[in-house]
Amino acid sequence: MSLLIRNADVITLADPTSSAPEHLDLRIADGVITDLGPGLVPRDDDEIIDGRDRLVTPGFVNAHTHSWEAPFKGRYDNMPLELWMLYSYPLLGSAPCSPDFIRARSQLFALESLKSGVTTVVDDVLETPTQDLEQLAAVLDAYDRIGIRANVSGHVINLPFVDTIPYVADRIPGEVTDQIRATALVTAEEYLDYSRQALNLVQGFGQDRLRYMLAPSAPQRCSADLLAGATEMAVRHDLECHIHLLETKTQLVTGTEFYGTSLPRYLRDIGALSPHTTFAHGIWVDDDDLEIMADHGVSVSHNPLSNLKLGSGVLPWRRYREAGVNLGLGTDGWSSSDTPRLLEVIKAASLLHKVADPDPAAWPTVTETLRAGTVGGAASARLADRIGTIEVGKRADVLMWDLTTLNFTPRQRLDHQLVYSENGSSLERVIVDGVVVVEQGRLLTMDEQQIVEEFNAYLPEIHAWQDRTDRLNQVFHPAFAASYETCSHTPSPINRRIGDGSHHAPLHAGHR
Ligand SMILES: [Zn+2]
């Protein structure tokens with residue numbers, strides 16, 4: 001049994017210089033794109049899909065997200081990262097989530113992702129205090145049954161959180177810091193042991209759609225032996241190693257305060273960089289950092305919506321491109337951008353950098369941002385040989401868009417309209433690994449209503465828990481706010497924040 005899509009406008013994204021559609025037929029068999037070309041001759045076992053008035057594109061790859069923030073979607077606003085984390089990643093009062101709740105949470109996240117055209121999620125899952133295999137299995141089970149492709153971590157923090165941000169610990173009452181520091185943290189060996197077991201566990205799920213991912217949270221949040229060990233393991237098993245880096249000005253100051261150097265240089269020096277490394281964010285980088293990242297083949301997930309919402313800054317898009325660093329696009333967590341819909345991120349990336357640089361020649365093209373949202377993310381996820389473009393031999397992760405909607409009326413450049421005019425409502429079919437998982441906007445693999453009801457049953461409990469942790473963690477608020485204030489005013493040669501006139505000149509330093 002094979003699928004034959006006939007007479008469609010296809011944006012293959014195979015050519016780095018063009019996202020213009022071609023009029024093509026497409027055959028999918030055993031999960032693979034087997035034929036692509038004009039006028040394919042139908043075979044007896046082909047199920048034919050009429051592609052007239054339809055646009056076919058690769059599925060989107062969300063290169064950085066955290067499904068586990070589901071309970072916090074839409075809860076907070078107007079807080080910088082360090083303060084927002086106090087409440088979304090509470091230090092006090094959190095308890096391990098049950099596998100049943102984790103399954104409900106993951107299903108809901110995958111449902112909204114799939115229905116918006118995200119066929120692959122790089123899901124940096126964190127559980128508190130640490131993740132166990134049963135919790136990881138609940139995520140994998142949900143993704144297996146719903147039919148999404150995913151890299152799932154394994155997120156680990158193994159330093160006391162109050163010691164990971166400069167100017168914080170001294171400002172918190174001693175008994176509270178003692179309590180935080182007394183919490184047992186995993187050693188590098190324990191995390192690598194867990195990861196070896198996770199590698200075995202993942203074999204039982206998802207017909208190779210699902211992979212385990214190593215995810216040391218950030219250089220300042222993990223010990224050097226853990227960062228280096230995770231990198232080495234990722235290289236040995238061809239896995240992604242996912243690390244948060246230089247998301248905020250505070251983290252820029254962290255590098256000099258804690259290590260006397262930039263965080264990328266520190267990671268290089270301890271042996272924690274490789275082509276398997278993906279940095280989430282990478283906003284506050286200088287030219288030396290970019291050179292180090294390019295030399296080591298590191299990828300970066302750019303998360304413009306999250307960066308805007310948390311006021312983190314603006315990634316230097318054109319300098320990354322010129323340095324030759326691979327860029328993917330991510331929504332970041334379900335609370336820091338409040339959406340898993342990658343098309344919105346592709347649009348934000350296409351727009352944001354136009355106000356960050358006065359030179360129109362430096363602005364992102366739609367071809368660049370569409371490729372970052374597909375093949376760029378696939379490369380950062382170590383999946384570039386399997387997905388990200390529409391080419392013969394690739395796994396069939398494919399979207400079909402209805403071109404008769406108002407969003408595509410009047411028809412012009414379809415790639416431009418997909419990014420700037422489309423809001424997701426024209427998405428008609430979503431195919432993952434050759435299986436149609438969404439048709440006419442409805443999920444086929446599971447009962448949508450049941451997924452929503454299963455999660456909502458937890459809501460009263462969630463709200464009560466959050467009200468309690470919000471209150472408990474206010475004890476840290478003044479110290480974290482003061483640290484943010486101090487770091488914001490620390491002089492720096494790098495500035496990525498739009499509209500800050502006093503730093504306007506350095507924003508363009510080194511460009512062209
Ligand atoms: Zn993140």
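The values are calculated or read from the model by the stated rules, or taken from the named source; none is laboratory data. No experiment lies behind these values; they were computed from the predicted model shown. Note that we place each Cβ from the backbone using ideal geometry, even for glycine, and neighbour counts take in every protein chain shown. Surface areas here come from the heavy atoms of the whole protein model, side chains and all, with no ligands, DNA or RNA. Shrake-Rupley method; radii C 1.70, N 1.55, O 1.52, S 1.80 Å.
Can you tell me how many residues in region 301-336 are assigned to a loop (DSSP other than H, G, I, E, B) and under 22 Å from Glu240 (Cα atoms)? Spell out how you get there, then give the answer.
Filtering region 301-336 down to residues assigned to a loop (DSSP other than H, G, I, E, B) leaves 303, 310-316, 324-325, 330-336.
From the residues that got through so far, the ones that are under 22 Å from Glu240 (Cα atoms) too are 303, 315, 324-325, 330-334.
Residues meeting the conditions: 9.
Since Glu247 meets every condition but one in (1) within 16 Å of the ligand (Cβ to nearest atom); (2) at positive phi; (3) acidic (Asp, Glu), which condition does it not meet?
(2)
How do the pairs read when you match residues in region 372-386 that are farther than 17 Å from Ile346 by Cα with residues anywhere that are of a type outside the set (Lys, Arg) and open to solvent by 40 Å² or more (accessible area, probe 1.4 Å), using Cβ under 7 Å and keeping only pairs 6 or more apart or on different chains?
Arg382/Asp238
Tally the residues that are of a type in the set (Gly, Ala, Ser) and assigned to a strand (DSSP E or B), restricting the search to region 3-38.
3
Yes or no: region 67-87 includes at least one residue that is more than 24 Å from the chain's Cα centre (by Cα) and open to solvent by less than 30 Å² (accessible area, probe 1.4 Å).
no
Go through region 78-131 residue by residue and tally those that are free of Cβ contacts under 8 Å to residues at least 24 places away in the same chain and either over 20 Å from Leu310 (Cβ atoms) or in contact with a Gly (Cβ under 6 Å, 6 or more places away or on another chain) (or both).
Total satisfying the criteria: 1.
Those residues that are closer than 23 Å to Tyr458 by Cα, away from the ligand (no atom under 13 Å from the Cβ) and of a type in the set (A, V, I, L, M), I need them from region 44-92; list them, please.
Ala70, Leu86, Leu91, Leu92
Only one residue in Thr409, Thr365, Thr369 is at pLDDT 95 or above, surrounded by 20 or more Cβ atoms within 10 Å (Cβ to Cβ) and of a type in the set (Ser, Thr, Tyr), so which one is that?
Every option except Thr369 fails the conditions.
Any residue at all in region 185-192 that is of a type in the set (Ser, Thr, Tyr) and closer than 18 Å to Ala150 by Cα?
The answer is no, given that none of the residues of region 185-192 is of a type in the set (Ser, Thr, Tyr) and closer than 18 Å to Ala150 by Cα.
Residue-by-condition table, conditions (1) in a loop (DSSP other than H, G, I, E, B); (2) within 24 Å of the chain's Cα centre (by Cα); (3) surrounded by fewer than 19 Cβ atoms within 10 Å (Cβ to Cβ):
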{"position": "Leu140", "(1), (2), (3)": "no, yes, no"}
{"position": "Arg145", "(1), (2), (3)": "no, yes, yes"}
{"position": "Ser153", "(1), (2), (3)": "no, yes, no"}
{"position": "Thr177", "(1), (2), (3)": "no, no, no"}
{"position": "Glu189", "(1), (2), (3)": "no, no, yes"}
{"position": "Ser195", "(1), (2), (3)": "no, yes, no"}
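Considering region 115-138 alone, what residues qualify as being outside any helix (DSSP H, G or I), open to solvent by 30 Å² or more (accessible area, probe 1.4 Å) and of a type in the set (Asp, Glu)?
Asp132
Name the residue, out of Phe279, Phe258, that is among the aromatic types (Phe, Trp, Tyr), touching a residue at least 60 places away in the same chain (Cβ under 8 Å) and farther than 30 Å from Asp30 by Cα.
Every option except Phe258 fails the conditions.
Restricting to region 306-326, give me the number of residues that are touching a strand residue (DSSP E or B) at 6+ places or on another chain (Cβ under 6 Å) and within 16 Å of the ligand (Cβ to nearest atom).
Count: 1.
How many residues are out of contact with any Lys or Arg (no Cβ under 9 Å at 6 or more places or on another chain) and either farther than 28 Å from Leu83 by Cβ or surrounded by fewer than 21 Cβ atoms within 10 Å (Cβ to Cβ) (or both) when one looks only at region 310-324?
5
For region 337-344, state whether one or more residues are within 14 Å of the ligand (Cβ to nearest atom) and either open to solvent by 10 Å² or more (accessible area, probe 1.4 Å) or more than 30 Å from Gln107 (Cα to Cα) (or both).
yes
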